[in-house]
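The values are calculated or read from the model by the stated rules, or taken from the named source; none is laboratory data. Keep in mind that this is a model prediction, so the values were computed, not measured. Because the Cβ atoms are built from the backbone with ideal geometry, glycine has one as well, and the counts that use them run over all protein chains shown.
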Amino acid sequence: MDYNDNRTMNDLKSQVIRPTRQRAMIMEVLNGTTKHPTADWIYDKVRKKCPNVSLGTIYRNLNLLKEKGLIRELKYGKNTARYDGNFDPHHHIFCLKCGKLDDIQCKVHPNLTKSVEKSSGYKIEGHQLEFNGICPDCLKKVE
Ligand SMILES: [Zn+2]
Ligand SMILES: [Zn+2]
């Protein structure tokens, strides 16, 4: 009985510590890539350093980090959610063939915001622009 009680205590303790460590590792993985990875990809990377981690834990932590505003979740259509640790203002371009998601550094013309405000009556606070097409790698394969 004592043994079981101790185990429960240890489990609880590890629940408090483990998620924090895993969160730090998720952040590290995200900050070290510009690929905008999926949860599966992050899971693979984190698992290499922390073999006991489960995909469910990764999802839970990703949601938490998202709620805390530490990462961004990107969802395009029916595609699996992708995650971005980069908070510098930037837009995304998505390859319709291979699913690659790249950053693009390109400022939106201020007139665009103005004309959207005019036609919608909204006061625009922000925007998300998504471009899609065929990436240079896939274009090469077609040729
Ligand atoms: Zn592609
Ligand atoms: Zn990005």
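Just a few scattered comments:
- Test: residue in the stretch 29-44 that is more than 16 Å from ligand 1 (Cβ to nearest atom), under 25 Å from Pro136 (Cβ atoms), free of Cβ contacts under 8 Å to residues at least 12 places away in the same chain and surrounded by fewer than 14 Cβ atoms within 10 Å (Cβ to Cβ): yes
- Screening the stretch 95-143 for residues that are β-branched (Val, Ile, Thr) and within 16 Å of ligand 1 (Cβ to nearest atom) and picking the one that is modelled with the lowest pLDDT gives Val142.
- Of the strands (runs of 3 or more DSSP E) contained entirely in the stretch 21-130, those carrying at least 2 residues that are under 11 Å from the mean Cα position of the chain (by Cα) and within 16 Å of ligand 2 (Cβ to nearest atom) fall at 72-74, 82-84.
- Contacts under 6 angstrom Cβ, first residue in the stretch 95-124 being in the same structural domain as Cys138 (by TED's automatic domain parsing) and without any contact (Cβ under 8 Å) to a residue 40 or more places away in the chain, partner within 16 Å of ligand 2 (Cβ to nearest atom) and aliphatic (A, V, I, L, M), 6 or more apart: Ile104/Ile93
- Conditions (1) modelled with pLDDT of 90 or more; (2) over 18 Å from the mean Cα position of the chain (by Cα): number failed by Gln15: (1)
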